[in-house]
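The values are calculated or read from the model by the stated rules, or taken from the named source; none is laboratory data. Small disclaimer: the values here were computed from a predicted structure and weren't measured. Cβ sites come from the backbone with ideal geometry, for glycine too, and all protein chains shown count toward neighbours. Remember, those area values only see protein heavy atoms, side chains included, never the ligands or the DNA or RNA. Shrake-Rupley method; radii C 1.70, N 1.55, O 1.52, S 1.80 Å.
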Amino acid sequence: MKILVFISALVCNTFAFVHSDQTTNQNRACPDGFFYAGEAIANETSQITRDSIWVEGPASPVYSCYKFIKAEKTFAGASLECNNIEDVTSQLVSLESRAEDKIVASQLFWDNIPAELKEDVSKYGALTSGIELSPNNWTWFGADAEVDADLRVLESYDETYDDEGVHCLVLRWNMSHNSVDLTYEQIPCTAYHPLTLCEAHVYTQTWYVWFYSNWLQILLFVTMLLLILSACCLFQALFFRTRVRTGQPASGARAGRRSAPPAYARSSQPPSYASTQQPPAYSTTTNTTQDDSFINESPAERYIRKGKEIMAQVTFFKPVQPEKPPL
């Protein structure tokens, strides 16, 4: 028996909220104390000041934010309570907008209700701006719009209420294991109700601001960066050009030249033989040493050396004079 009771409790606590393709959750901001529960799917100028330019960006569609107020209020007192919220223009909720009844019956709406108020919302419902200005003529007082004629308004379950006078609408959430239904109950507007639902119509506006009061400092800063970059490039180009002109090799080339043995040294040695019976190595050249002093000669010194070599190869012959015959 205990198991059956426990299973039935689980079934009763599982609600199937309303899901509609006419609503969307954009995670928009709301004023303090209000919560966002979605919105219906909706079907550039500039402002110049002294030191900045304000460009109006995209704006969101108008959406509703909701707030529950727990207090014993009549219709008039609840309207004043919603109107007196600081820094927010709000009023009693009106379900005149398209798909707004689906929004308040969605799971997102229920999840954003404060936890301490969920039990009262399920038990008492919330007072709205619906009012019967004439028999069977209901109006959303906060929006000055007629209530849908197909909306079925139920009589009050409380027998203590007087049926005479003006009536107002109370919104109730009837939750079961397979659905969440909204019902509208009429009560006298002079009767006190413990819960009120307020609504604020808001939208999100994006502005792009361009500040230009310090444009001169920014220009000077950019100019200094370009000058420093140009100086670095010029110094690097002149430094490498000077090294190439003076004939100084790069460090990698110098290291490679040191590690490589001279060609004439390799060619002067005969190939090695594995056998020890081979004759000793001999040299094919008479002079295996070479003077490296001429490598760093200047052009003038090179011409002088070549001249000396040419003069050393010139041979002067003294002409033979014929002998005079003896007298």
Restricting to the range 184-208, give me the number of residues that are in a strand (DSSP E or B) and surrounded by 15 or more Cβ atoms within 10 Å (Cβ to Cβ). 15
Which pairs turn up if I take residues in the range 189-208 that are at negative phi and look for partners that are surrounded by 14 or more Cβ atoms within 10 Å (Cβ to Cβ) and acidic (D, E) with beta carbon separation below 8 Å, at least 6 apart in sequence or on another chain? P194/D120; L195/D120; T196/E81; C198/E81
Return the pair list, or none, for Cβ contacts closer than 8 Å from residues in the range 115-130 that are under 16 Å from L92 (Cβ atoms) to residues that are part of a helix (DSSP H, G or I), at least 6 apart or on different chains. L127/F75; L127/A78; S129/S79
Six or more apart or on different chains, Cβ under 6 Å: which pairs go from a residue in the range 67-90 that's acidic (D, E) to one that's surrounded by fewer than 17 Cβ atoms within 10 Å (Cβ to Cβ)? Could you list them? E72/Y192; E72/P194
Conditions (1) assigned to a loop (DSSP other than H, G, I, E, B); (2) modelled with pLDDT of 90 or more; (3) open to solvent by 50 Å² or more (accessible area, probe 1.4 Å) -> L227 fails only (1)
Among the residues of the range 59-81, what is the count of those that are modelled with pLDDT under 90 and farther than 21 Å from K102 by Cα? 1
